[in-house]
Structure formats: structure tokens, C-alpha cells
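**Q** Take a look at the following structure, please.
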There are 2 protein chains.
Amino acid sequence: MSDLTQEEKTYFMQEALKEARLSLAKEDIPIGCVIVKKGEIIGRGHNAREELNQAVMHAEIMAINAANRHEGNWRLLDSTLFVTIEPCVMCSGAIGLARIPQVIYGAENQKFGAGGSLYNILQDKRLNHRVSLESGILAAECAQLMQDFFRQRRTKQ
Amino acid sequence: MSDLTQEEKTYFMQEALKEARLSLAKEDIPIGCVIVKKGEIIGRGHNAREELNQAVMHAEIMAINAANRHEGNWRLLDSTLFVTIEPCVMCSGAIGLARIPQVIYGAENQKFGAGGSLYNILQDKRLNHRVSLESGILAAECAQLMQDFFRQRRTKQ
């Protein structure tokens, strides 16, 4: 886990937002993620459920898989995961299993978030792994992307 | 979701146990999973975290990915997931996301299970998807495989 400056946090969340926009190409819910270690992005991912027709291919899972391959290690010690939207139950479980010590998310997910909203899986002491958690970085942009997506989808229907 | 006979449940849990034994080759914790639809296995998986050096490659995730590919669909409606050990938080989240309506597990996981032990993610009404849950099929065999694995690992250390 590293001490990132506010400027660095904003930079990496912008990178996560770039990933989120890639989801839009196949009408996937726009959520993006990057994993950072020693100032370098070691894994990127965007939600690709519709694109790949795979239920588990959320942004965080894609980024964890990419970072695992990059590092040649399933343990992502000393890394920080940036994600545009608060992680769901599955992804929060995955973050713990990958031993990621720090998570920074943009906007809350009141309905399905497991970083404090519906559950607080990320900080459950019983799970052998606790995460330093921060939120609100570029929250407005992260939330806006989601709102635009759902508004467009409703209009189409 | 289908009405399986006790004989069919035992048969498919034995198939999950075969998968679990495959984990042992690379010293992975022996957990196996099969997903069944209309009497046919549409996805198989075993825990392969060490084998693949990927944190999320639990038996259930591997089987869901395989079943998604088999069906060409991220929704696994009308299917039953058999797994030798109670699913963790990540896998319980994934089961819901894949819309799997029925889960049958062998032995409980008191420490990390999210099918009633630590959490009951699978049956949380708020998550838009609830699962019919059954446990105890070949529980002794499923648990024994785990106990033997951890005993051997302690002896080696």
C-alpha cells in the first residue's frame, strides 16, 4: 500500500474512467478499473459482461486477472485498486482473495455496493484480509457516466 | 431449476469430487464444481489458484466461465451448481450474477462460507436474485478431502 498524492489519485481514476468508457462500445454498464503498483498500472479492466457473454467479467475481475498475469503472482501485495464505482459482493470478495491492501472508488453503489453500502465485505475482520478504503475521487464524473448510460437505455426501450 | 432425484444429486456431487481431486496435482485446495442443465453437465471447474497463479480461479468461477462459453450466454437459467464446499463471498456473488437458481453444496465452510455460515449472500433478498440452497450431499467425502489436504500440508511444513 502506498501513499499516493491527490494528484496521482485523480490521474489513476481518470485512467479507470477511460476503461469505463470502453464498456459502452458493447452496451456494457460503464465501469472501469486500474491496479497500480509503485506508480505503474499493472492491470486494467472494464465491465465486459455483454461483450464476452461471461457473467463474472466485471471491471475489477478483469483487472485482477491482468495484474496476476503481469506479476506472475496471485498475490497483489502493495497495490492499489482504482474503480469508478463501489465494488459489488463478488468483486469485494475477489479483492480480498487477491490480497489487495488499498481500494479507491469513485461513486457509491447504494443498491449493490459491498464497500460500505449494502455490505462492508472489504473491511470485514473475519475474512483474514482488510482493505484501506477511500471514496469520492472524481465521484461526479464516475456517477454521471452511469446515469447517462441508464438514461439512454431507457430511451431506447 | 430442476427436480433432481437423490440418486442424480449423488451422481453430480461425485463428478464435483472428481474435479476437486484435480486441484491436488498443483497443491491447490481441493474443491470441485459442476453445473448441470437438463441432466447434462454444461461446465466443470476445480480450484486452480496455484496452478494458474490467478486469485479468482476458484472452482465455481471456472465452472461458471465454462458454462457461459458452452451456452453462449452469461445467464445460466434453469441450471444447478454442485460444489463440494460451501461457496465463499466472491463465488456466492458470482452465482447470483450468473442467475443460477439452484446450488447444492457438500460440506460447510464455517470460516469463509457465504451460503449461511459467515454470510448468506445466496439468499439475500436485496440482491435481485435468490437461490434455492441444499447442503450435505456427500458431505463427509467432501470434507475429508479438505482435511487430508491440510493435514498433509502441515506435515510438509
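**Q** Only one of A:126, A:75 is closer than 21 Å to residue A:12 by Cβ, at the interface with another protein chain (Cβ under 9 Å from one of its Cβ atoms) and open to solvent by 10 Å² or more (accessible area, probe 1.4 Å); which?
**A** Values: A:126 fails: closer than 21 Å to residue A:12 by Cβ.
Within the list A:126, A:75, the selection yields A:75.
**Q** Restricting to region B:21-61, name every residue that is within 14 Å of another protein chain (Cβ to nearest Cβ), on the phi < 0 side of the Ramachandran plot and surrounded by fewer than 18 Cβ atoms within 10 Å (Cβ to Cβ).
**A** B:26, B:50, B:51, B:52
**Q** Here are some residues: A:108, A:71. Which one is modelled with pLDDT of 95 or more and closer than 19 Å to residue A:140 by Cβ? If you could, list the steps in order and put the result at the bottom.
**A** On the way: A:71 fails: closer than 19 Å to residue A:140 by Cβ.
Going through A:108, A:71 in turn, the sole match is A:108.
**Q** Here's something else I'd like to know. Which one is farthest from the chain's Cα centre (by Cα), of the residues in region A:78-91 that are farther than 22 Å from residue B:58 by Cα and buried (at least 18 other Cβ atoms within 10 Å of the Cβ)?
**A** Keep residues of region A:78-91 that are farther than 22 Å from residue B:58 by Cα, which gives A:78, A:80, A:82-86.
Checking the rest, the ones that are also buried (at least 18 other Cβ atoms within 10 Å of the Cβ) come to A:80, A:82-86.
Details: A:80: 10, A:82: 5, A:83: 3, A:84: 6, A:85: 6, A:86: 7 Å.
The extreme case among them is A:80.
**Q** Just a yes or no: is a residue in region B:94-109 crowded, with 24+ Cβ neighbours inside 10 Å and over 23 Å from residue B:15 (Cα atoms)?
**A** yes
**Q** Go through the residues of region A:11-20 one by one and say whether even a single one is outside any helix (DSSP H, G or I) and either within 11 Å of chain B (Cβ to nearest Cβ) or open to solvent by less than 10 Å² (accessible area, probe 1.4 Å) (or both). Steps first, answer last, please.
**A** Here is the first cut: in region A:11-20, the residues outside any helix (DSSP H, G or I) are none.
For region A:11-20, residues outside any helix (DSSP H, G or I) and either within 11 Å of chain B (Cβ to nearest Cβ) or open to solvent by less than 10 Å² (accessible area, probe 1.4 Å) (or both): absent.
**Q** Specify the residue that is nearest to the chain's Cα centre (by Cα); the eligible residues are those in region A:62-72 that are open to solvent by 10 Å² or more (accessible area, probe 1.4 Å) and at the interface with chain B (Cβ under 9 Å from one of its Cβ atoms). Please lay out each step first, then the result.
**A** We begin by selecting, within region A:62-72, every residue open to solvent by 10 Å² or more (accessible area, probe 1.4 Å); these are A:62, A:65-66, A:69-72.
Going one step further and asking which of them are at the interface with chain B (Cβ under 9 Å from one of its Cβ atoms), we end up with A:65, A:69, A:71-72.
Numbers: A:65: 13, A:69: 18, A:71: 18, A:72: 21 Å.
Result: A:65.
The values are calculated or read from the model by the stated rules, or taken from the named source; none is laboratory data. Keep in mind it's a predicted model, so treat the numbers as computed, not measured. We place every Cβ from the backbone using ideal geometry, glycine too, and count neighbours over all the protein chains shown. Areas reflect the complete protein model, heavy atoms only, side chains present, ligands, DNA and RNA absent. Shrake-Rupley method; radii C 1.70, N 1.55, O 1.52, S 1.80 Å.
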